[in-house]
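**Student:** Supplied in structure tokens, the structure appears directly below.
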Amino acid sequence: GIAERLTGRIVAAMEAEGVRRLVVVSAGPVGPKAAGDPLVDRLARKAVEAVLAEVYADLARMEAVLARSATEWTAVRPPRLTDGPRTGVYRRAVGGTPRSSRTISRADVAHAMLALVDDPAAVRTGVGVAY
């Protein structure tokens, strides 16, 4: 897929130039399932995963490329994106997925990505973000 191929090229270029840090956008369903999600959330996730299976498989392969690299990467994993404003108020789960993750604005995903650039706890892992 395109995410896997482009990430491989980006990582190769970064390694050639000595650049270490990379923060990418992945997707919530690529990460682990949140413990204790209500039934409605589990069913909705299964439906979305079925429809977008190829996209999520590509993103999972993208994350595998990162994991095999020497790059200090973070994969931000949002649920459904909205066009809402930046609030700066959202949940995040380093290495996991926030419970009942349904939406987050693109602006807050960008905010989270910038905040994670300097977070050593978020290096070489995924970070779930959601309202």
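**Student:** Being in a strand (DSSP E or B) and not β-branched (V, I, T) is the filter; apply it to the stretch 77-94 and report the residue that is nearest to E4 (Cα to Cα).
**Tutor:** R77
**Student:** Another one. Anything in the stretch 1-44 that is under 18 Å from the mean Cα position of the chain (by Cα), under 13 Å from V65 (Cβ atoms) and without any contact (Cβ under 8 Å) to a residue 60 or more places away in the chain? List them, or say none.
**Tutor:** I2, A3, R5, L6, T7, G8, I10, L22, V24
**Student:** Can you find a residue that is surrounded by 20 or more Cβ atoms within 10 Å (Cβ to Cβ) and in a helix (DSSP H, G or I) anywhere in the stretch 32-40?
**Tutor:** no
**Student:** Identify, from the list R77, R68, R92, the residue that is within 13 Å of the chain's Cα centre (by Cα), at pLDDT 95 or above and closer than 22 Å to I10 by Cβ.
**Tutor:** R77
**Student:** A follow-up question, please. Would you pick out the residues in the stretch 62-79 that are more than 15 Å from K33 (Cα to Cα) and of a type in the set (D, E, K, R)?
**Tutor:** If the condition is that a residue be more than 15 Å from K33 (Cα to Cα) and of a type in the set (D, E, K, R), then E63, R68, E72 are the ones that fit.
**Student:** Can I ask one more? Output the residues belonging to the stretch 100-131 that are on the phi < 0 side of the Ramachandran plot, surrounded by fewer than 19 Cβ atoms within 10 Å (Cβ to Cβ) and either part of a strand (DSSP E or B) or modelled with pLDDT under 95 (or both).
**Tutor:** Those that are on the phi < 0 side of the Ramachandran plot, surrounded by fewer than 19 Cβ atoms within 10 Å (Cβ to Cβ) and either part of a strand (DSSP E or B) or modelled with pLDDT under 95 (or both): R102, T103, S105, T125.
**Student:** Can you tell me which residue is nearest to T97 (Cα to Cα) among those in the stretch 49-71 that are among the β-branched types (V, I, T) and either buried (at least 17 other Cβ atoms within 10 Å of the Cβ) or touching a residue at least 40 places away in the same chain (Cβ under 8 Å) (or both)? Show your work before the answer.
**Tutor:** Applying the first criterion (among the β-branched types (V, I, T)) to the stretch 49-71 yields 51, 55, 65, 71.
Now drop any that are not either buried (at least 17 other Cβ atoms within 10 Å of the Cβ) or touching a residue at least 40 places away in the same chain (Cβ under 8 Å) (or both), which leaves 55, 65, 71.
Values: V55: 18, V65: 21, T71: 22 Å.
Among those residues, the one meeting the criterion is V55.
**Student:** Out of T97, T74, report the one residue that is touching a helix residue (DSSP H, G or I) at 6+ places or on another chain (Cβ under 8 Å), buried (at least 23 other Cβ atoms within 10 Å of the Cβ) and part of a loop (DSSP other than H, G, I, E, B). First the steps, then the outcome.
**Tutor:** On the way: T74 fails: part of a loop (DSSP other than H, G, I, E, B).
Just one listed residue meets the conditions, T97.
**Student:** If you don't mind, there's one more thing I want to ask. Being farther than 16 Å from V123 by Cβ and of a type in the set (A, V, I, L, M, F, W, C): is that true of A67 here? Walk me through how you get there before you give the answer.
**Tutor:** On the way: farther than 16 Å from V123 by Cβ: no; of a type in the set (A, V, I, L, M, F, W, C): yes.
No.
The values are calculated or read from the model by the stated rules, or taken from the named source; none is laboratory data. These numbers were taken from a predicted model, which means no experiment stands behind them. With ideal geometry, Cβ positions are generated from the backbone for all residues, glycine too; neighbour counts draw on all protein chains shown.
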